Amino acid sequence: MLSFFRTLFARTESGGDRGERLARAWLKRERAFTIVAQNWRNPRDRRDEIDLVCRDREVLVFVEVKARAAGALVPGYHAVDERKKRALRRAIQAYLGRLAEKPRTFRFDVVEVSLPKLEAAVGEKSSSTARMKSAAGNEPEILHFENVPLFSKYFRG
């Protein structure tokens, strides 16, 4: 009976979680970033979240990860609209305010992860569920947009 409840309430990885995991691994492997924090939330307002806080040598980098299905109408970069930017500014200001030693410089990046579309397996017939697999040979595509404008040039944190 206990196993039934575990499977009932087991957390499955969503597209956003998978996108963040892939982006984190890619930034470490391809860009040699050091991950400082992930999914950091402002203690005063839990709605404000920063997906990844990283170090790129001496630069503190705040990263917003946007996972999208391949061929999505709105690319991840453009999904970071003015409303999202306001929330990110609040979260980043709160993060910087909690640091004992302020970083000399910081920036904001967007990582867009295009996840391959899922399609039903050909030749598999199941009455209860359709088995899903990713399209053959498709790997997630990761685009990294560095130094995306977020603050005015006079902002000093």
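Here, each number is a calculation from the coordinates, and none is a lab measurement. Predicted, not measured: the structure shown is a model, and the values here were computed from it. Glycine also receives a Cβ, built like all others from the backbone with ideal geometry; neighbour counts cover every protein chain displayed.
Which ³J(HN,Hα) values in Hz, rounded to whole numbers, follow from the phi angles of the stretch 53-61 under the Karplus curve 6.51 cos²θ - 1.76 cosθ + 1.60, where θ = phi - 60° and Gly and Pro get x?
10, 10, 10, 10, 6, 8, 9, 7, 10
Apply the Debye scattering formula to the stretch 29-97, with a single equal point scatterer on each alpha-carbon and no solvent, then give log10 I(q)/I(0) at q = 0.14, 0.19, 0.29 Å⁻¹.
-0.49, -0.84, -1.25
From the C-alpha coordinates alone, can you work out the Kirkwood hydrodynamic radius of the stretch 37-76, in Å?
12.0 Å
Return the FRET efficiency for the residue pair Phe151, Val74: r is the Cβ-Cβ distance, R0 is 22 Å, and the value is rounded to the nearest 0.05.
Between Phe151 and Val74 the formula returns 0.40.
Extending each Cα 7 Å along its Cβ direction at Arg29 and Asp45, get the distance between those two points in nm, one decimal.
3.7 nm
Out of residues 5 or more away from Ala67 or on other chains, whose amide H comes under 5 Å of its own, with H placed 1.01 Å from N in the peptide plane?
It is Val113, by chain and number.
Could you run the Karplus curve 6.51 cos²θ - 1.76 cosθ + 1.60 with θ = phi - 60° over the stretch 101-106 and give me ³J(HN,Hα) per residue in whole Hz, x for Gly and Pro?
Rounded to whole hertz, the list is 10, 6, x, 5, 8, 8.
List the residues, sorted by chain then number, that are 5 or more residues from Val36 or on another chain and whose placed amide H is less than 5 Å from its amide H.
Counting only residues 5 or more places away or on other chains, the set is Val53, Cys54, Arg55.
Where Lys and Arg each count +1 and Asp and Glu each count -1, what net charge lies around Phe145 among other residues with Cβ under 13 Å from its Cβ?
After counting each charged neighbour, the total is -1.
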